[in-house]
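Peer 1: The structure that follows is given in the form of structure tokens.
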Amino acid sequence: MDRAPFRLSPRGRQWFDIALTCALLAVAPLAAVGISPGTAVLTAAQIAPLFWRRSHPVAVFAAVYVTHAAQVLLYDTTLPGQLAFPIAVYSVARWRGLRWSIPVLVLSLIAAVVAAIDWMPSYGTPSYSTSLVASQAFGIGLIVVVAWVLGLLGHTREAYVNSLIERSERVAREADQRAQLAAQGERNRIAREMHDVVAHGLSVIIVQADGARYAASARPETAVDALETIASTGRQALTEMRSLLGLLRENGTGTAPQPDLADVPALLEEAAASMRLDTEISADLAGVPPGVALTAYRLLQESLTNVRKHAGPQVTTTVTLRRDGDVLNLTVRDDGRGASAADDGGGHGLVGMRERVAAHGGELRVGPVVGGGYEVDARIPW
């Protein structure tokens, strides 16, 4: 996992600016021992605006620029407050970008020429020399340009980092939305399929009830058998209906017949054409409720599909389907690529499998196995 780029927190940025400004205010008197109270006040006025250099960089530059202009008018020498000027230029380029920083750069280069002329007497030069002024202005201007370039680079980097963060957040939101849509779609599919199961049970109840009503007077024993069938079928239908609790359903449901455990041999025969199969199917599966049978069939179907897509060639798959009391156990294990299999991230098969098993209150474990391969292990009670 890539490490996130280092960024100061809002509180950290605030404390950094306070520390920087206080350090300059503390160092300035040490750098100019014996300065007059007036120059000390002017130096403090040049440095103090840096407290707000992030929130109001243009205003801070204007304040620093004005105080330096006052220095040119009042003094013909450098002051420790000159350190604030490149920082102010950097701040505008860093937090206001190219549009504001170009005028700031032009004004700063003009100030560099003016400062070079103003400070000539302090260097012991009796007369102005064009070459000396030019070299001095070039040195001061170079400091300004470097600060300006660093600020622009920081501005560009921050914009790039912000775009990466926004993109990663958008991708995470889209992935979450896709997972929710996949789960919703699978719930709808389960609801449509279980509609047929429950509808079948209710139709049996209706037929048996009609038969019992007509036979009640002539053959009471037939009516008793019919009532027993109604009770059994009703309990089974009620179990299936409870499975639907919590599932959302779209309008309109299909009524096509759904597969059950009787269709498992045909499914395995189809899969045997593309892989080696070892199967262990229990013989006592006749009493498995239709909803559980349908879920087991779909889990087996999806598992075999995943083997074909991800396990690789020459793979052997072991399928175990057995009944333990009122629990149906299904295990599909292959000896293919396992954890090294490629995942394109576009499938939602595992989401659907979990939704199906959860609808019956069951357990599902999926994942690579030690030694290679992949395993799907489901327990579906009723």
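Since every read-out is calculated from the coordinates, none of them should be taken as a lab result. In this text the structure is predicted, and so the values were computed from the model without any measurement. Because the Cβ atoms are built from the backbone with ideal geometry, glycine has one as well, and the counts that use them run over all protein chains shown.
Peer 1: Restricting the calculation to Cα positions, tell me the Rg (one decimal) and the Dmax (whole number) of the range 54-143 in Å.
Peer 2: 13.7, 44
Peer 1: Tabulate in residue order the Karplus-calculated ³J(HN,Hα) for the range 179-186, using 6.51 cos²θ - 1.76 cosθ + 1.60 with θ = phi - 60°, rounded to whole Hz; enter x for Gly and Pro.
Peer 2: Computed from phi, the couplings for the range 179-186 are 5, 5, 5, 5, 5, 5, x, 5 Hz.
Peer 1: Please list the non-local residues whose amide H lies under 5 Å from the amide H of residue 317, H modeled 1.01 Å from N, same-chain partners needing a gap of 5 or more.
Peer 2: 276, 277, 278
Peer 1: Continuing with the same structure: Give, as a single signed number, the net charge of other residues whose beta carbon lies under 10 Å from the beta carbon of residue 17, with Lys and Arg counted +1 and Asp and Glu -1.
Peer 2: +3
Peer 1: Please compute the net charge surrounding residue 372, taking Lys and Arg as +1 and Asp and Glu as -1 over other residues with Cβ under 14 Å from its Cβ.
Peer 2: -1
Peer 1: I've got another one for you. Within the set of other residues whose C-beta is less than 13 Å from the C-beta of residue 333, count the net charge using Lys and Arg as +1 and Asp and Glu as -1.
Peer 2: Surrounding charge for residue 333 is -4.
Peer 1: Search the structure for amide H atoms under 5 Å from the amide H of residue 327, placed 1.01 Å from N in the peptide plane, and list their residues when 5 or more places away or on another chain.
Peer 2: Close amide H contacts, sequence-distant or interchain: none at all.
Peer 1: Given H placed 1.01 Å from N in the peptide plane, which residues other than close sequence neighbours of residue 281 have an amide H under 5 Å from its amide H?
Peer 2: 321
Peer 1: A follow-up question, please. So what is the diffusion coefficient of the range 132-188 in µm² per second by Stokes-Einstein at 37 °C and 0.692 mPa s, using a Kirkwood Rh over Cα pairs?
Peer 2: Calculated translational D: 213 µm²/s.
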